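For reference, the structure is listed below as structure tokens.
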Amino acid sequence: MRIGVLMMMMLAWPTLAAVRQYGAGLSDSQWKLDTATRLECRVSHAIPRFGDAHFVSQAGKITNVAFTLDMRVAATRKSNADLLSVPPRWRPGEMADSLGAMTLYRQFNGSLQDKVVWQMLTELEKGWQPTFFYSDYLNSRDQVAVALSSVKFRPVYDQFLGCVSQLLPFAFEDIATSVLTYELQSTELTLESKRKLAMITEYLQEDKSVDLLLVDAYADSYGGRWMNQQLSEQRAATIADRLKQAGVEESRILAQGHGEKRHIAPNYTVLDRAKNRRAVVRLSREPSF
């Protein structure tokens, strides 16, 4: 029923003064690839006199995408906006399809996640216009229609997809605190820990906002205490060298060896001692606003 009412509104646009329409026309539709790194891919679309739409995908274990509707005048109360895929004007007689709804929160931009956002992108790729319909929160007599134009979208979308395919398969949260383990009486990391350290160094080559790296290395209680202290310091220094090779300034690295201190398991068995032969690498970065 709601879709039927909205379709009647859309058909009546030329004669319905109470429906305010926002959307780019053929001459002023602009799509822009704002960010294209292995950490983030971001596309923006200007909606004249209304604001901007943003699609963003970030590094991580899964293919994710988010949408933000950045409004010049934020909502003054919580409400819902219906989202429809509207056919272009050159396809008269086609019916709009419902894609879902977006909640507008007071003083926040509208946002959507994942599945419905991919649907919006594919509808744009087909030449349709994802359009939001809602009651104006400043004038209760008006309805508002905010459309994303598909004009000039495809070339930028191809660039966006190319960027998404190159995103790192892990995010900052996946490596912010990493525990690496060692072979017996050695500075040689276990195979799995070598892979983890490679992930850390690969990430650091992309994210220059990481401003502090703490490396704390430890030993089990096998052997003499002094020797284990020296071994833990060598382990910390070896990791620090790998981080510097990845482009991290030495002043941003604090590496320490703690010998047999701070065991996380008893030292009675081979398996427990293996847990204590470890280094903890923690990353800190500048907050983004």
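The values are calculated or read from the model by the stated rules, or taken from the named source; none is laboratory data. These numbers come from a predicted model, not from an experiment. FYI the Cβ positions are ideal-geometry reconstructions off the backbone, even for glycines, and counts take in every protein chain you see.
What the table below lists for this structure:
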{"quantity": "Condition check for Ser178: part of a strand (DSSP E or B), modelled with pLDDT of 95 or more and not assigned by TED's automatic domain parsing to the domain that holds Arg38", "calculated": "yes"}
{"quantity": "Answer residue from region 35-85, given it is β-branched (Val, Ile, Thr) and modelled with pLDDT of 95 or more and is farthest from the chain's Cα centre (by Cα) among those", "calculated": "Ile47"}
{"quantity": "Check on Pro155, exposed (fewer than 13 other Cβ atoms within 10 Å of the Cβ) and assigned by TED's automatic domain parsing to the domain that holds Arg38", "calculated": "yes"}
{"quantity": "Residues of region 72-110 satisfying the condition of being in contact with a Pro (Cβ under 9 Å, 6 or more places away or on another chain) and either of a type in the set (Val, Ile, Thr) or in contact (Cβ under 8 Å) with a residue 40 or more places away in the chain (or both)", "calculated": "Leu83, Leu84, Ser85, Val86, Met95, Ala96"}
{"quantity": "Region 51-66: number of residues that are surrounded by 17 or more Cβ atoms within 10 Å (Cβ to Cβ) and either among the β-branched types (Val, Ile, Thr) or touching a Gly at 6+ places or on another chain (Cβ under 8 Å) (or both)", "calculated": "2"}
{"quantity": "Residue in region 67-79 that is closer than 18 Å to Glu125 by Cα and either among the hydroxyl-bearing types (Ser, Thr, Tyr) or touching a Phe, Trp or Tyr at 6+ places or on another chain (Cβ under 6 Å) (or both) present", "calculated": "yes"}
{"quantity": "Hits in region 129-172 - residues which are farther than 17 Å from Trp118 by Cα and either assigned to a strand (DSSP E or B) or basic (Lys, Arg) (or both)", "calculated": "Phe133, Tyr134, Ser135, Arg141, Gln143, Val144, Ala145, Val146, Lys152"}
